[in-house]
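The values are calculated or read from the model by the stated rules, or taken from the named source; none is laboratory data. Please read these numbers as outputs of a predicted model, since none were measured by experiment. To get the accessible areas, we keep the full protein, side chains included, count just its heavy atoms, and leave off ligands, DNA and RNA. Shrake-Rupley method; radii C 1.70, N 1.55, O 1.52, S 1.80 Å.
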Amino acid sequence: MEHVLDKYKTVTLEDVKVWFKAGTLKDFPSNRGGCVKYKDKQIAVFNFERRNEWYACQNVCPHKLEMVLSRGMTGSADNVPKIACPMHKKTFSLVDGSNLNGEDYSIATYPVKVVEGEVLIGFID
């Protein structure tokens, strides 16, 4: 049986093979998260309007395995954009998915670009 976390792997901009249209700019709240489904994955999408930046990561918390990260609190630590899980407050970098609390588990992140008002997320498959 596949573990829920096995389907989430970080994708770098250089690895992108598919740009998935996640929605339009107005489909995502500013300075908060939204969630989209791509194949069998739930992806959290964050519009950091105050930074003029977009981020995407797995929606599943690697600690409690709940689909909650899109509802987490956004912020920054040492100018690194981060998401805090609403269940246990563990924080993760939205740049590289690293655990900012120094623990072993991390999250997968995905490139995001905006083209003519459309929000696109990069995947390898």
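For the chain, give the percent of accessible area contributed by carbon and sulfur heavy atoms, probe 1.4 Å, rounded to a whole number. Please report the intermediate quantities before stating the final value.
Details: 3250 of 6870 Å².
That share works out to 47 percent.
Under 5 Å between amide hydrogens, which residues at least 5 positions from GLY23 or on another chain qualify, with H placed 1.01 Å from N in the peptide plane?
Residues meeting the criterion, in which the H sits 1.01 Å from N, are VAL119.
Over the chain, what is the relative contact order in percent, taking alpha-carbon pairs closer than 8 angstrom and at least six residues apart?
Details: 271 pairs, mean separation 37.1, N = 125.
Reported as a whole number, the value is 30 percent.
Please list the equivalent ellipsoid semi-axes of the range 1-90, computed as the square roots of five times the alpha-carbon gyration tensor eigenvalues, in descending order and whole angstrom.
That gives 20, 18, 13 Å for the three semi-axes.
Tell me the Kirkwood hydrodynamic radius of the range 47-125 in angstroms, computed as one over the mean inverse distance between distinct C-alpha pairs.
Numbers: mean 1/r = 0.0771 Å⁻¹.
Averaging 1/r across every pair of different Cα atoms and inverting gives 13.0 Å.
What does the accessible area per residue of the range 1-112 come to in Å², with a 1.4 Å probe and no ligands, DNA or RNA counted? It would help to have the intermediate numbers written out before the result.
Numbers: 6210 Å² over 112 residues.
Counting only protein heavy atoms, the per-residue value for the range 1-112 is 55 Å².
Could you run the Karplus curve 6.51 cos²θ - 1.76 cosθ + 1.60 with θ = phi - 60° over the range 53-64 and give me ³J(HN,Hα) per residue in whole Hz, x for Gly and Pro?
9, 10, 9, 9, 8, 4, 8, 7, 6, x, 8, 9
If I model the range 38-92 as equal point scatterers sitting on the Cα atoms and use the Debye formula, what is log10 I(q)/I(0) at q = 0.31 Å⁻¹?
Cα-only, vacuum Debye calculation for the range 38-92: -1.30.
Give a residue-ordered list of calculated ³J(HN,Hα) values for the range 67-74 (Karplus: 6.51 cos²θ - 1.76 cosθ + 1.60, θ = phi - 60°; whole Hz; x for Gly, Pro).
Whole-Hz 3J(HN,Hα) from phi for the range 67-74: 7, 9, 4, 5, 9, x, 8, 9.
Taking θ = phi - 60°, what integer Hz values does the Karplus form 6.51 cos²θ - 1.76 cosθ + 1.60 yield along the range 19-33, in sequence order, with x for Gly and Pro?
Per residue, the Karplus-derived 3J(HN,Hα) values read 9, 8, 7, 7, x, 9, 3, 6, 6, 10, x, 7, 6, 8, x Hz.
Under a 5 Å amide H to amide H cut-off, with H placed in plane at 1.01 Å, what residues pair with LYS82 once short-range neighbours are removed?
GLY75, SER76, ALA77, LEU94
Taking H placed 1.01 Å from N in the peptide plane, check which residues at least 5 places from ALA108 or on another chain put their amide H under 5 Å from its amide H.
Residues meeting the criterion, in which the H sits 1.01 Å from N, are GLN58.
Step by step: find N for the range 68-109, compute 2.2 N^0.38 Å, then divide the Cα radius of gyration by it. What's the final number?
Working: Rg = 9.0 Å, N = 42, 2.2 N^0.38 = 9.1 Å.
For the range 68-109, the normalised Cα radius of gyration comes out at 0.99.
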